[in-house]
Amino acid sequence: MKEIKYNQLDEVIFSEQYSNGLEVFILPKKGFHKTFATFTTKYGSVDNHFFPVGKDSPIIVPDGIAHFLEHKILESKKNGIFQRFAKQGASANAFTSFTRTAYTLSATSNISKNITMLLDFVQEPYFTDDLVEKEKGIIEQEIKMYDDNPDWRARFGLLENLYKNHPAKIDIAGTVNSINQITKEDLYTCYDTFYHPNNMLLFIVGSVNPEAVIKLIRNNQKRKKFREPKEIIRISSNEDAKVNRSSSVMKFPIQIPKVFIGYKELNPMRQGKGLLKYEMILNVLLELMFGKGSQAYEKMYDKGHVDETFTFDYTNEKGFGFSVIGGDSRNPEEVIKIVNETIDNFKEKAIKKEDVQRVLKKKIGSFLSAINSPQFIANQFTRYRFNEMDLFDVLPTLENLTEKDIEKVLHLHFCDESKTTLVLKKN
Amino acid sequence: MHISSSEQNGLHLHLCNIDKFKTTSIMLMIKAPLQEDIITARALIPYVLNGGTTNYPNRKQIRKKLDEMYGATLYSDVHKKGEYHIITFEMEISAEQYLSTPICLLESSLHLLHDIVYNPKIENGVFDSSIVEQEKRSLKQRIISMYDDKMRYASLRLIEEMFKNEPYHIPAYGREEEVDSLNALTVYQVYEKLLQNARFDLFIVGEVNENEIKSMVQNIFSEQHNYSDIQCNFTDEQNIDEVKIVQDKLDVEQGKLFMGYRTFSTIQDENYEATRVANAIFGRFPSSKLFINLREKESLAYFTLSQLESNKGLLITMTGIDFNNYKYAVQIIREQEYALKNGDFTEADVDQAKSMLISQLLEACDTPLGIIDISIQAVDRGFSDNVNDQIRRIQMVSKDDVIHSANKWDLDTIYFLNRNERREEGE
């Protein structure tokens with residue numbers, strides 16, 4: 001058992017890697033009632049082209065299969081997983097992202113039993129043709145629910161503008177057509193390839209005894225048979241820095257139009273400390289240029305071009321990355337103009353130290369607030385680990401950023417050839 | 001966890017001294033009876049107040065001040081609760097021990113909050129008219145965009161139809177068509193009345209020294225608050241002769257089915273916990289009847305749940321379904337209602353529902369907002385109680401209590417958001 005102390009935050013993390021490759025991390029929290037756990041595989045919607053385990057040629061699987069698999073694993077036993085956890089006063093859930101599928105547990109009692117159940121239901125799947133067919137109706141309704149959601153549609157509209165080939169442009173749940181092609185055999189192929197313990201991470205946060213939990217998991221894993229771990233070979237798509245489309249308009253039945261400006265990451269292969277620093281800087285930059293305390297936001301708000309839905313974010317996973325700026329607006333063209341001008345102005349003038357200090361303070365505060373949440377810690381720690389970073393390096397990294405670092409990234413990321421705009425409006 | 005409540009100058013102060021968070025949370029809740037004629041004007045107030053104070057004359061200045069305070073956050077919101085209209089201001093600040101340059105942020109945030117609520121930017125004795133005009137525009141946009149979210153749309157329409165003859169039918173943000181008629185003077189008059197007549201509750205959760213905070217609050221919030229508790233506890237005497245059926249048609253991909261029940265039971269009732277347990281069996285969790293039957297057995301829906309409004313005696317079931325399944329879905333939901341009323345469930349179901357509710361309550365104690373919510377419920381209830389009392393009351397609920405409570409439920413309105421006839425007819 002390894003032990004890492006984070007003195008500034010007054011937290012300790014215990015960890016262990018078992019012989020089958022599974023890594024477990026435990027963050028004991030005093031005074032908390034809830035124990036929260038995530039059992040995550042490094043497998044998401046973008047992993048659609050790969051060598052199945054034991055095969056010597058790659059396959060392309062139907063869109064939405066990682067998400068479909070998540071649904072089936074949650075319902076693979078005769079008695080629903082939700083009911084089985086509820087009998088112990090606990091609840092389970094799951095989500096699929098571009099690069100991860102996570103199964104979550106939330107419990108205030110029967111912790112050992114619940115952790116065992118989490119491991120077992122994920123590691124002992126059971127699919128039948130009938131159950132696979134039955135799930136299609138449910139997922140179809142999930143897809144339709146998102147079809148009615150303008151922000152979700154806008155996000156994937158923007159990603160389609162950005163990417164020519166990369167599967168990040170494909171909706172995580174797939175389409176009604178694509179999910180109807182999925183078979184039991186497809187699900188087992190993906191499961192066998194990506195759900196090996198060597199490709200998974202278990203994170204537990206709550207009032208637990210780390211030694212006892214680590215032993216509990218060891219015994220649980222020893223009882224199960226797994227093949228030897230093999231390196232997973234994913235086939236990456238051909239994607240350069242140029243956007244697929246530099247602008248588009250989407251029709252959608254809404255009264256208030258939406259506008260989004262996106263930038264595609266030119267070098268999306270960063271990992272580890274390099275990625276951590278890079279993404280921190282981008283978040284700082286976006287806040288400097290477009291945060292609620294910025295000149296651009298004030299100008300757009302005062303003129304009535306934007307309201308408080310105006311926001312921005314940056315996503316970067318191995319192989320793809322993008323920033324998005326925008327929100328509801330009655331004057332999309334004005335917003336696009338001011339966003340462009342703001343970026344140009346920042347490129348021309350030196351960034352003020354006092355502004356950087358203000359934004360860094362803000363980022364430090366929001367990180368402290370975020371780590372109040374066990375869910376945030378478990379999910380983000382896993383994401384950071386899968387990208388060879390440490391979540392608890394965020395504070396020291398922020399504290400050491402300089403204006404020089406920030407200016408460098410400003411010129412790297414915000415390029416015209418990697419920019420796109422999307423307007424969503426009524427017919 | 002202990003919450004100590006006291007009165008400072010007529011303001012109700014609720015303190016929870018707790019050391020497990022990395023932040024301190026503050027919430028000011030201003031509560032006044034719903035009044036149909038001023039609902040829109042009142043909804044504008046928090047946004048005008050956030051638009052500028054005598055010390056920080058515009059939004060940007062306030063936002064910059066917050067950023068400087070290590071990204072202190074400040075959110076305001078307007079909502080309805082039973083027969084009350086509620087304005088909240090919510091702040092979160094970093095706990096000083098985690099900052100590399102420790103500063104005490106609590107006093108300065110209370111000053112800022114006070115400044116925002118009591119010292120707005122004034123022009124000719126009333127609110128600054130340019131701020132009012134700006135915020136009118138934003139409010140209008142906020143109201144319109146609420147209807148762009150089709151789930152929200154269905155919920156708002158259900159309430160509008162169900163409570164046609166009560167002020168409760170109006171959205172908390174007010175009516176779009178009334179916004180234009182507001183001006184700096186009229187809104188200011190509503191604001192002055194609010195200061196005089198509303199009940200003020202201030203919640204603080206974090207590692208604090210109780211005595212220090214009390215005198216701090218007494219000094220900063222030095223105004224006398226003259227709230228006299230006008231009981232507007234509502235007794236639902238509506239007789240339901242026939243279930244109202246309402247259908248709208250819009251461009252949607254999925255039908256939204258919302259059903260409103262009157263439960264004739266509110267949080268002020270001694271046996272309210274029985275209603276909670278009944279709802280937990282009915283639809284609150286993924287282990288409840290609605291989820292098992294509508295989703296797992298019939299594959300009709302992806303999301304389906306029921307929610308209580310504890311101060312209004314309202315229960316809403318919600319789901320998204322294929323347009324053709326409307327009648328079947330209504331039938332299944334009603335079958336679950338009848339099963340509950342006829343006692344067609346087991347003692348084990350009751351135990352499971354109770355342990356889920358208890359677990360949820362304990363989990364709430366792990367977040368600052370959860371603790372504030374528990375304190376608000378004590379205020380709503382009219383007597384102070386702690387989490388252990390609540391758990392005890394849940395534990396005491398019997399199967400008969402659940403049957404008794406469910407038998408009071410009366411289905412009032414079935415609302416269905418259907419699609420426009422652009423393809424073949426659904427029914």
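At 10 °C and 1.306 mPa s, grab the translational diffusion coefficient of the stretch B:244-426 from Stokes-Einstein with a Kirkwood Rh over Cα pairs, rounded to a whole number in µm² per second. Show your work: numbers first, answer last.
Working: Rh = 17.3 Å.
Using the Kirkwood radius from Cα pairs, D works out to 92 µm²/s.
Which percent of the accessible area of the protein assembly as shown is formed by carbon and sulfur heavy atoms (probe 1.4 angstrom)?
Working: 15650 of 33940 Å².
Ligands and nucleic acids excluded, carbon and sulfur give 46 percent.
Could you order peptides B:277-285, A:201-209 by the average number of other Cβ atoms within 10 Å of their residues, highest first?
Result, highest mean Cβ count within 10 Å first: B:277-285, A:201-209.
Within the stretch A:114-148, which trypsin sites (Lys or Arg not before Pro) sit in a loop by DSSP and count at most 15 neighbouring Cβ atoms inside 10 Å?
Working: sites: A:Lys134, A:Lys136, A:Lys144; in loops: none.
Qualifying residues, ordered by number: none.
For the Cα atoms of chain B, what angle does the longest principal axis make with the long axis of helix B:105-118, in degrees from 0 to 90, nearest 10?
Between helix and principal axis, roughly 80 degrees.
Using the Cα centre as the reference, give the magnitude of the dipole from point charges on the C-beta atoms of the stretch B:244-426 (Lys, Arg: +1; Asp, Glu: -1; all else neutral), rounded to the nearest 20 debye.
Once rounded to the nearest 20, the dipole reads 320 debye.
Can you give the average number of partner chain beta-carbon atoms within 10 Å of each beta-carbon in peptide A:253-262, as a whole number?
3
For the stretch A:2-222, go through all pairs of different Cα atoms, get the mean of 1/r, take its inverse, and jot down that Kirkwood value in Å.
Result for the stretch A:2-222 stands at 18.8 Å.
Which whole-angstrom value gives the distance between the alpha carbon centres of the stretch B:332-357 and the stretch B:261-315?
Centre-to-centre (Cα) distance: 10 Å.
Compute the distance from the alpha-carbon center of the stretch A:360-412 to that of the stretch B:175-229, in whole Å.
So the two Cα centres are separated by 36 Å.
Where does helix A:129-147 land angle-wise versus the long Cα axis of chain A, in degrees 0 to 90, nearest 10?
The answer is roughly 20 degrees.
Which shape class, rounded, prolate or oblate, goes with the stretch B:49-152 when its Cα gyration tensor gives a ≥ b ≥ c as root eigenvalues, a/c under 1.5 marks rounded, and past that a/b bigger than b/c marks prolate?
It comes out oblate by the Cα gyration axes.
Between their Cα atoms, which of A:Lys2/A:Lys277; B:Lys31/B:Lys81; A:Lys136/B:Lys150; B:Lys81/B:Lys164; B:Lys164/B:Lys244; A:Lys29/B:Lys22 are more than 20 Å away from each other?
The answer is A:Lys2/A:Lys277; A:Lys136/B:Lys150.
Tell me which trypsin sites (Lys or Arg not before Pro) from the stretch B:125-174 have a DSSP coil assignment and no more than 13 other beta carbons within 10 Å of their own.
In loop regions of the stretch B:125-174 (DSSP not H, G, I, E or B), the sparsely surrounded trypsin sites (Lys or Arg not before Pro) are B:Lys164.
What does the structure give for A:306-315 when I average, per residue, the other chain Cβ atoms found within 10 Å of the residue Cβ?
Working: counts 2, 10, 7, 4, 0, 0, 0, 0, 0, 0.
Counting other chains' Cβ atoms within 10 Å and averaging over A:306-315 gives 2.
Rounding to the nearest 20 debye, state how big the charge dipole of the protein assembly as shown is about its Cα centre with +1 on each Lys and Arg Cβ and -1 on each Asp and Glu Cβ.
About 2000 debye.
Among B:Ile220, B:Ile103, B:Ile333, which one moves the most in a GNM of chain B with springs linking Cα atoms closer than 10 Å?
Most flexible of the set in this elastic network: B:Ile103.
Averaged over A:33-43, how many beta carbons belonging to a partner chain fall within 10 Å of each residue's beta carbon?
2
Along each principal axis of its Cα atoms, how long is the protein assembly as shown end to end? Whole angstroms, biggest number first, please.
On the principal axes, the protein assembly as shown reaches 79, 73, 60 Å in Cα extent.
Can you grab the distance from the C-alpha centre of the stretch A:139-156 to the C-alpha centre of the stretch A:245-306, Å, no decimals?
Cα centroid of the stretch A:139-156 versus Cα centroid of the stretch A:245-306: 21 Å apart.
Once both axes come from the Cα atoms, what is the angle between helix B:347-364 and the longest principal axis of chain B, in degrees from 0 to 90, rounded to 10?
Rounded to the nearest ten degrees, it is 20.
Ignoring ligands, DNA and RNA, how do A:Met1, B:Met91 rank by accessible area with a 1.4 Å probe, largest first?
A:Met1, B:Met91
Just flag the chymotrypsin sites (Phe, Trp or Tyr not before Pro) in the stretch B:335-395 sitting in loop per DSSP whose Cβ has no more than 12 other Cβ atoms within 10 Å. Can you show the working numbers first?
Numbers: sites: B:Tyr338, B:Phe345, B:Phe383; in loops: B:Phe345, B:Phe383.
The qualifying sites are B:Phe383.
Go ahead and estimate [θ] at 222 nm for chain A from helices alone: -39,500 (n - 2.57) per DSSP H run with n ≥ 4, summed, over the residue count, rounded to 500.
Mean residue ellipticity at 222 nm (helix-derived): -13500 deg cm²/dmol.
How do the peptides B:62-72, B:120-130 rank, highest first, by the average count of neighbouring beta carbon atoms within 10 Å per residue?
Output ranking for B:62-72, B:120-130: B:62-72, B:120-130.
The values are calculated or read from the model by the stated rules, or taken from the named source; none is laboratory data. Fair warning: this is a prediction, and the values are worked out from it, not measured in the lab. Neighbour counts run over all protein chains shown; Cβ positions are idealised from the backbone, glycine included. The accessibility values were calculated without ligands, DNA or RNA, using every heavy atom of the protein model including side chains. Shrake-Rupley method; radii C 1.70, N 1.55, O 1.52, S 1.80 Å.
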